[in-house]
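In what follows, a single structure is set out as structure tokens and then discussed.
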Amino acid sequence: MAKHIVRPFITSRIPCDSSIFTYLNNIGQMIMTPVIAWYIEGPGEKILVDTGISAEVCKPYWPGAEDVMPLEEALKSVQLAPEDIDIIIHSHLHFDHTGGNSMCKNATLVVQEEELETATSGIYSHIPGQNYYPELYEGQKMEIVKGDQEIVDGVRVILTPGHTPGCQSVAIDTANGTAIIPGFCCTENTFEPPCIFLIQRNSINSNPISRGRTEDGCISASQKRDR
Ligand SMILES: [Zn+2]
């Protein structure tokens, strides 16, 4: 079984309301979210998982992005040019995952069938943060997959719908075991949300969750687990 090295490249950061990652807790608290392209270094094909986006490309879609290391510069650090990339596995087709595609002219995109159907259906086009912009990947070769599938030796995709209907994760065999790049957009707080929901202090509430409230009137995920 081929072993690979996973190299994350933070292409940019985009401002987001943190509540979109934490079940609407902390509405109005802005965070800069890293936008990552992952290079999968292995013995054969040169593979990216998603292509991130540069501040310039991002501008028409989402204001306020800041460059960290745009894809072309990142690939230079591993002695590659965008044209050298053979395969781009797309966790999903949102703009912040497809922004570097046009540079990778020789790549074949690996996309779940349901994701492509969703992206071209137009039903999500008007929901903020759920925008698909086909011009970022139109005309590129595509390999459409359905469900879990091996892409090359040691690299396989797993259908993990949730963030989008056709979202997929990528499992990579490395010298240290299997690495998983999850397809959904999240932060640490998605798994340890600061509050489950706000509870009125001094309120009479028989809901067991209210018994774990903090001084702030909130309950943390760890508190909930410990009870
Ligand atoms: Zn997304």
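Residues in region 150-179 that are touching a residue at least 12 places away in the same chain (Cβ under 8 Å) and either in contact with a Leu (Cβ under 6 Å, 6 or more places away or on another chain) or of a type in the set (S, T, N, Q) (or both): how many?
Just the residues of region 150-179 that are touching a residue at least 12 places away in the same chain (Cβ under 8 Å), to begin with: 151-175, 179.
With the extra rule that they be either in contact with a Leu (Cβ under 6 Å, 6 or more places away or on another chain) or of a type in the set (S, T, N, Q) (or both), the set shrinks to 160, 164, 168-169, 174.
So the answer is 5.
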Any hit, region 51-61, residues being assigned to a helix (DSSP H, G or I) and within 16 Å of the ligand (Cβ to nearest atom): yes
Within region 152-185, considering residues that are in a strand (DSSP E or B) and under 15 Å from E113 (Cβ atoms), the one nearest to the ligand (Cβ to nearest atom): Q168
Close pairs (8 angstrom Cβ cut-off, 6 or more residues apart or separate chains): touching a residue at least 60 places away in the same chain (Cβ under 8 Å) and farther than 10 Å from D50 by Cβ in region 90-109, more than 16 Å from the ligand (Cβ to nearest atom) and among the aliphatic types (A, V, I, L, M) anywhere: none
Condition met for T190 (among the β-branched types (V, I, T), part of a loop (DSSP other than H, G, I, E, B) and closer than 24 Å to P8 by Cα): no
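Among the listed residues I36, I31, identify the single one that is in contact (Cβ under 8 Å) with a residue 60 or more places away in the chain and within 19 Å of the chain's Cα centre (by Cα).
Working: I36 fails: in contact (Cβ under 8 Å) with a residue 60 or more places away in the chain.
Only one candidate passes the filter, namely I31.
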The one condition in (1) β-branched (V, I, T); (2) at pLDDT 80 or above; (3) farther than 20 Å from I36 by Cβ that I181 fails to fulfil: (3)
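The values are calculated or read from the model by the stated rules, or taken from the named source; none is laboratory data. Here the structure is a predicted model, which is why all the values come from computation and not from measurement. Glycine also receives a Cβ, built like all others from the backbone with ideal geometry; neighbour counts cover every protein chain displayed.
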